[in-house]
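Inspection log for the structure reproduced underneath, given as structure tokens.
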């Protein structure tokens with residue numbers, strides 16, 4: 001074979017080798033799976049937009065820690081709460097990690113991990129009001145609630161579908177897209193009470209001295225991470241990650257950073273309680 005041809009082929013081989021070397025990646029973040037995590041972006045202290053424009057919160061930091069421990073990447077995506085399960089089912093997101101209560105209705109559509117937090121339903125009102133849980137349950141008050149949340153579902157179950165729908169028509173129940181929107185409505189006097197997860201209400205009213213909790217309905221709900229029905233691999237990965245997290249020092253750090261840990265005086269009576277976070281006195285409703 002002609003030497004020029006040999007030299008030319010050798011040159012091409014060398015060039016090809018150099019080009020291929022440029023395409024080879026070393027093991028790193030590019031080799032990891034990336035999961036899209038759906039959150040309610042207005043759900044403090046679990047998931048919300050920080051002052052720096054980045055998503056923060058107990059759940060946001062938790063999933064990032066788990067991702068690092070379990071060897072995957074995450075992309076945080078804000079999704080409207082009433083559309084978050086459809087977004088999961090259609091593959092727009094891979095999991096919901098944002099204070100989602102495990103319920104039988106939701107479990108028909110998604111799979112849940114092990115539970116990682118327990119809440120009850122708190123009832124907020126303006127400080128100094130004389131409203132009671134009994135008035136709340138007797139349909140005597142105007143109630144604000146985030147649509148499609150577990151508090152909304154509790155009211156449907158408690159009042160019954162027919163009465164619940166009539167209360168909406170009569171303006172006795174007002175639905176809001178986010179929890180903070182319902183609390184703003186309370187502050188502005190457009191509703192008389194708000195029902196929502198107690199830990200969120202406690203967190204919210206720490207900077208709102210004009211608001212208080214008049215009662216807690218002991219629903220004993222549990223938060224879990226939701227994944228698609230057929231995604232057993234991700235479910236097991238998240239179960240392992242949650243187990244690691246809850247047995248680590250990081251768990252306590254996150255609780256101290258985001259969750260209200262000072263316990264008010266509480267008296268439980270027949271599954272209910274009323275309390276005043278501004279002093280040490282608890283009264284029955």
>> Quick check on residue 173: is it more than 18 Å from residue 213 (Cβ to Cβ), in the same structural domain as residue 213 (by TED's automatic domain parsing), in contact (Cβ under 8 Å) with a residue 12 or more places away in the chain and in contact with a strand residue (DSSP E or B) (Cβ under 6 Å, 6 or more places away or on another chain)?
In response: yes
> Considering 72, 16, which residue is surrounded by 10 or more Cβ atoms within 10 Å (Cβ to Cβ), more than 19 Å from residue 179 (Cβ to Cβ) and at pLDDT below 95?
Replying inline: 16
>> Only one of 238, 246 is in contact (Cβ under 8 Å) with a residue 24 or more places away in the chain, surrounded by fewer than 19 Cβ atoms within 10 Å (Cβ to Cβ), outside the structural domain of residue 146 (by TED's automatic domain parsing) and under 18 Å from residue 116 (Cβ atoms). Can you tell me which?
In response: 246
> Considering only the stretch 50-80, how many residues are without any contact (Cβ under 8 Å) to a residue 24 or more places away in the chain and either assigned to a strand (DSSP E or B) or outside the structural domain of residue 242 (by TED's automatic domain parsing) (or both)?
Replying inline: 2
>> Just to be sure before I move on: is residue 100 closer than 20 Å to residue 41 by Cα, in contact with a strand residue (DSSP E or B) (Cβ under 8 Å, 6 or more places away or on another chain) and modelled with pLDDT of 95 or more in the structure I sent?
In response: yes
> What's the number of the condition residue 129 fails, among (1) part of a loop (DSSP other than H, G, I, E, B); (2) surrounded by fewer than 17 Cβ atoms within 10 Å (Cβ to Cβ); (3) at pLDDT 95 or above; (4) more than 16 Å from the chain's Cα centre (by Cα)?
Replying inline: (3)
>> Quick test of your reading of the structure: residue 136 fulfils all but one of (1) touching a strand residue (DSSP E or B) at 6+ places or on another chain (Cβ under 7 Å); (2) under 30 Å from residue 62 (Cβ atoms); (3) touching a residue at least 60 places away in the same chain (Cβ under 8 Å); (4) part of a helix (DSSP H, G or I). Name the failing condition by number.
In response: (2)
> Out of 32, 3, which single residue is touching a strand residue (DSSP E or B) at 6+ places or on another chain (Cβ under 6 Å) and at pLDDT below 95?
Replying inline: 32
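If we scan the stretch 155-163, do we find a residue that is closer than 20 Å to residue 178 by Cα, free of Cβ contacts under 8 Å to residues at least 60 places away in the same chain, buried (at least 17 other Cβ atoms within 10 Å of the Cβ) and not assigned by TED's automatic domain parsing to the domain that holds residue 43? Walk me through it before giving the result.
Filtering the stretch 155-163 down to residues closer than 20 Å to residue 178 by Cα leaves 155-156.
Remaining after also requiring free of Cβ contacts under 8 Å to residues at least 60 places away in the same chain: 155-156.
Restricting the remaining residues to those that are buried (at least 17 other Cβ atoms within 10 Å of the Cβ) gives 155.
Next, from what is left, pick out any that are not assigned by TED's automatic domain parsing to the domain that holds residue 43: 155.
Taking every residue of the stretch 155-163 in turn, at least one turns out to be closer than 20 Å to residue 178 by Cα, free of Cβ contacts under 8 Å to residues at least 60 places away in the same chain, buried (at least 17 other Cβ atoms within 10 Å of the Cβ) and not assigned by TED's automatic domain parsing to the domain that holds residue 43.
The values are calculated or read from the model by the stated rules, or taken from the named source; none is laboratory data. The structure presented is a predicted model; accordingly, all values stated were derived computationally and were not measured. Cβ coordinates were reconstructed from backbone atoms using ideal geometry, including for glycine residues, and neighbour counts include every protein chain displayed.
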